[in-house]
Amino acid sequence: MITINHLKKAYPNVTPLKDVNTTINRGDVISIIGPSGTGKSTLIRCINMLETPTSGEIIVDGETITDPKCQLDKVRQKMGMVFQSFNLFNHMTVIENLMAAPMDLLGKSRQEAYDRGIELLRTVGLADKALNYPDELSGGQKQRVAIARTLAMDPEIILFDEPTSALDPTMVGEVEAVIRSLAKKGLTMMIVTHEMRFAREVANRVFYMDDGGIYEDGTPEQIFDHPQKERTIRFIRHLKVFEEKITSHDFDFIGLVGKLEEFGRKNQVSQKTIYRMQQVFEEICVQIILPELTGDFNMVFAVEYSPETEALSMRFTYDGERFDPLESDNQLSLRIAQRSADSIEYEYGEEYGNKVTVTIGA
Ligand SMILES: Nc1ncnc2c1ncn2[C@@H]1O[C@H](COP(=O)(O)OP(=O)(O)OP(=O)(O)O)[C@@H](O)[C@H]1O
Ligand SMILES: [Mg+2]
């Protein structure tokens, strides 16, 4: 469906893409991962000609789009693009956002564009927001609208550039779920992401980008479990992220503490830090926050470890009313947690709810 031959993109000071060669087949779902600055965004921007390649060719359905004679408008219509920052028209309602381009560019009637728009909003779970303005939606909902708007153009491939990275963790799941459902329907997609769990589960192929191009290309299992090349191995080994959702007071506490221990050991976290991390989890999360959450709730517990600095950060995000654990009456638990942690910070935001960040060993 898309063939890329000797693609090069040079900027005055850097050449992120030196020589990219690959073929993308219809139905491929490709996760693009790799360190910052390795040309992941540049690659997908070249594919839909938002950037003009310095040299090389890109052939889409037999048409060489890098040829100056190519009619770019037609080709671009086949390629939907979803950005980190939604890019919705704020002065238009949700449904108007979905109707505009199909009416202007595909010549659809108002009624057709409306019907299709509503149908697509249904597939992303937002039919009841059709008449709202983007400002009235959460970040996750905005991104789902942006995806529906892209689908309204009936693209043959959708290119996503970090679709969840501007979202709070509690909203990442709903957007990932929509993308996953599109993958199941057989859409062709390329997804740049830093969410490794998602990169792995959604795709049939993974591009690891480094060193001026697609450094290693394989199935998720090959790239994540059996990387072959030096830089991929190093990158995969350094992924130090742990994440769990807690949605019930009856969650598997023992199992989770065990997984934390395993995460720590796998990443060579010192035993002392593992112990401190478990203690913070027990006191802040189990003793202080969870008893305050009633009814249906969502909590995301994430840990990141940086082997270079040996700093570990734990993050708890949860919905519901504002609740600052640092103001808890449970002085005993609070004191134990504060002794185990180097810092505990609480934030609250309309968009993301409650967020507690704990650092250990920074
Ligand atoms: N318009 C531009 N002009 C000059 N340099 C640019 C431009 N766009 C990107 N670059 C440079 O090209 C390199 C690759 O950038 P790119 O945005 O593709 O990286 P990336 O892999 O998407 O990184 P990240 O994970 O941080 O998003 C970087 O060094 C960047 O500074
Ligand atoms: Mg990028």
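Listed values, structure above:
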{"item": "In sequence order, calculated HN-Hα J values of the stretch 216-224 (Karplus, 6.51, -1.76, 1.60; Hz; x Gly/Pro)", "result": "8, 10, x, 6, x, 5, 4, 6, 7"}
{"item": "Helix 253-266 axis, angle to the chain major axis (alpha carbon atoms, nearest 10°)", "result": "70 degrees"}
{"item": "Phi to ³J(HN,Hα) by Karplus 6.51 cos²θ - 1.76 cosθ + 1.60 over the stretch 108-115, Hz, x for Gly, Pro", "result": "6, 6, 4, 4, 4, 5, 5, 4"}
{"item": "Whole-Å distance, taken between Cα centres, linking the stretch 310-340 and the stretch 179-201", "result": "34 Å"}
{"item": "Residue-by-residue Karplus 3J(HN,Hα) for the stretch 96-105, coefficients 6.51, -1.76, 1.60, Hz, glycine and proline x", "result": "5, 4, 7, 8, 4, 5, x, 6, 6, 9"}
{"item": "Added length on full extension, which subtracts the Cα-Cα distance from 0.36 nm per residue, Thr123 to Thr64", "result": "17.9 nm"}
{"item": "Three-way shape label, the stretch 179-288, alpha-carbon gyration tensor, a/c 1.5", "result": "oblate"}
{"item": "Cα gyration tensor, the stretch 214-362 - rounded (a/c under 1.5), prolate or oblate", "result": "prolate"}
{"item": "Most mobile listed residue (Phe86, Phe251, Phe301) in the chain, GNM with C-alpha springs under 10 Å", "result": "Phe251"}
{"item": "Nearest-ten-degree value, helix 271-280 long axis tilted from longest Cα axis of the chain", "result": "90 degrees"}
{"item": "Between 0 and 90°, nearest 10: helix 331-340 axis offset from the chain longest Cα axis", "result": "60 degrees"}
{"item": "Nonlocal amide H pairs with Val82, under 5 Å, H built at 1.01 Å", "result": "Leu159, Phe160, Asp161"}
{"item": "Estimated inter-spin distance, Gln338 and Asp73, nm [label 7 Å along Cα→Cβ]", "result": "6.5 nm"}
{"item": "Neighbour-count order for Met153, Met209, Met171, fewest beta carbons within 10 angstrom listed first", "result": "Met153, Met171, Met209"}
{"item": "Helix-derived mean residue ellipticity, 222 nm - over the chain, DSSP H n ≥ 4, -39500 (n - 2.57), to 500", "result": "-10000 deg cm²/dmol"}
{"item": "DSSP bridge orientation in the chain - percent antiparallel, rounded to nearest 5", "result": "75 percent"}
{"item": "Extension reserve of the Asp115-Tyr275 stretch, reckoned as 0.36 nm per residue once the Cα distance is removed", "result": "52.0 nm"}
{"item": "Extension gain (nm, one decimal) between Glu327 and Phe253, 0.36 nm per residue minus Cα-Cα", "result": "24.2 nm"}
{"item": "Gaussian network model of the chain, springs between alpha carbon atoms under 10 Å - residue of Gln279, Gln143, Gln268 with greatest fluctuation", "result": "Gln268"}
{"item": "Selection of trypsin sites (Lys or Arg not before Pro), the stretch 25-72, meeting DSSP coil and at most 14 other Cβ within 10 Å", "result": "Arg26, Lys69"}
{"item": "Pairs beyond 27 Å (Cα-Cα), from Lys78/Lys185; Lys40/Lys245; Lys78/Lys108", "result": "Lys40/Lys245"}
{"item": "Principal axis dimensions, largest first and in whole angstrom, of the stretch 2-237 by Cα", "result": "52, 45, 33"}
{"item": "Relative contact order of the chain, defined on C-alpha pairs under 8 angstrom at six or more residues apart (%)", "result": "16 percent"}
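Readers should treat all values here as calculations from the given coordinates under stated rules, not as data from a laboratory. The structure displayed is predicted, hence computed values, not measured ones. Using ideal geometry, Cβ is built from the backbone for each residue, glycine included, and neighbour counts are taken over all protein chains shown.
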